[in-house]
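Below is one structure; the comments refer to it alone.
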Amino acid sequence: MKSSAKSAIYLIIMIAMLFGEARVSRAVTCSPTELSPCIGAITSNQPPSGTCCAKLREQRPCLCGYLRNPSLGQYVNSPNARRVASTCGVGIPRC
């Protein structure tokens with residue numbers, strides 16, 4: 001194999017490894033308190049803020065866990081929470 005081809009393969013492998021590391025460092029910490037910017041929108045009819053939507057998108061992988069939690073499920077599954085999620089473009093998953 002020519003050295004330029006070997007170099008290209010090596011570069012591709014390095015880039016793949018870097019992107020893999022980036023994904024690992026972005027792991028979500030599931031904490032319902034992260035959704036505190038959404039409280040006003042969930043408890044009233046006010047529209048969600050940009051911060052609320054960003055946090056909701058960030059916490060999307062955690063929503064099934066929140067839905068299964070007896071203390072949290074009723075809030076995550078409430079009509080206002082569904083409205084906020086819909087407004088933010090985040091679907092409530094079926095778990």
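The string of couplings for the range 34-50 from the Karplus curve (6.51, -1.76, 1.60, θ = phi - 60°) is 5, 8, 4, x, 9, 4, x, 6, 6, 8, 9, 9, 6, x, x, 7, x Hz, one whole number per residue in order, with x for Gly and Pro.
The packing ranking of peptides 39-47, 55-63, highest mean first, is 55-63, 39-47, where packing means the average number of other beta carbon atoms within 10 angstrom of each residue.
Since every read-out is calculated from the coordinates, none of them should be taken as a lab result. These numbers were taken from a predicted model, which means no experiment stands behind them. Backbone-built Cβ (ideal geometry, glycine too); neighbour counts: all protein chains shown.
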